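A short write-up of the structure that comes next.
The numbers here are math on the coordinates, done by the rules we state, and not lab data. Bear in mind that the values here come from a model prediction, so they are computed numbers and not experimental data.
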Amino acid sequence: MTALFSYALLQIRLLDLISLEKPIPLAVLVFLLIFSLLSWSVIFSKWILLRRVRSSDRSFLRAFRKSPGLDAIATAAGNYRESPLAAVFEFGYEEATRQIKVSGKLRSKPAIERMLQVGMSQEISRLEHRMNWLATTASVCPFVGLFGTVWGIIEAFGALTTMGAASLRAVGPGIADALVATAMGLGAAIPAAIYYNHFGHSIKAIGVRMEEFAMEFLNLAERAYEE
């Protein structure tokens with residue numbers, strides 16, 4: 001909490017360090033601040049979503065394994081809207097029941113597998129929504145901060161040339177701008193990179209769980225509708 005508070009104070013004081021007469025350093029810091037705030041909003045929303053998904057998946061999987069049949073599971077699936085497993089089940093169940101209505105049996109197991117795969121793909125896309133923002137923040141912000149650093153150094157040397165002598169008054173503002181841009185670039189990029197990898201690992205684990213569930217569904221469907 002102390003680190004986050006200090007980081008917030010740094011961001012609040014940024015505009016005091018940059019004059020409106022220096023639009024490029026100001027634009028760099030505003031750009032980095034916007035990316036940082038948006039990436040943190042993605043981090044918190046994704047954290048909450050994945051917690052709900054894991055909890056809902058566990059509850060649905062328990063209900064699935066205790067249910068006497070697919071029809072009973074289909075009735076209860078609507079209670080687990082956050083669960084990717086429930087969504088995958090609905091795709092497979094819809095295809096299985098369609099085949100039963102047409103021919104009275106499961107006539108195409110590959111068709112059910114394809115529908116299960118469609119469900120998994122859609123759920124992975126839902127879970128990965130806005131993850132690209134974290135990747136962009138992690139990859140772009142260090143370079144934007146570097147640009148601000150270089151620009152601050154250029155202004156510092158320009159001030160030295162104008163004043164004709166090295167002094168703290170001449171080089172201080174440019175160096176301050178440079179250091180703030182560097183800190184902001186790293187401060188935005190590092191959390192984004194960490195959570196991008198963390199969430200990516202969690203989503204990959206959920207994908208593996210969906211693949212395992214698809215096999216369970218096929219086994220149960222074959223037993224339920226076998227001749």
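Could you name the lysines whose alpha carbon sits less than 21 Å from that of K46, not counting residues in the same chain fewer than 8 places away?
K204
From the Cα gyration tensor of the stretch 174-220, with a ≥ b ≥ c the square roots of its eigenvalues, which class applies: rounded if a/c is under 1.5, or else prolate if a/b is larger than b/c, or else oblate?
prolate
Once phi is turned into θ = phi - 60°, what whole-Hz ³J(HN,Hα) does the Karplus curve with 6.51, -1.76 and 1.60 give for every residue of the stretch 215-223, x standing for Gly and Pro?
5, 4, 4, 4, 4, 5, 5, 5, 5
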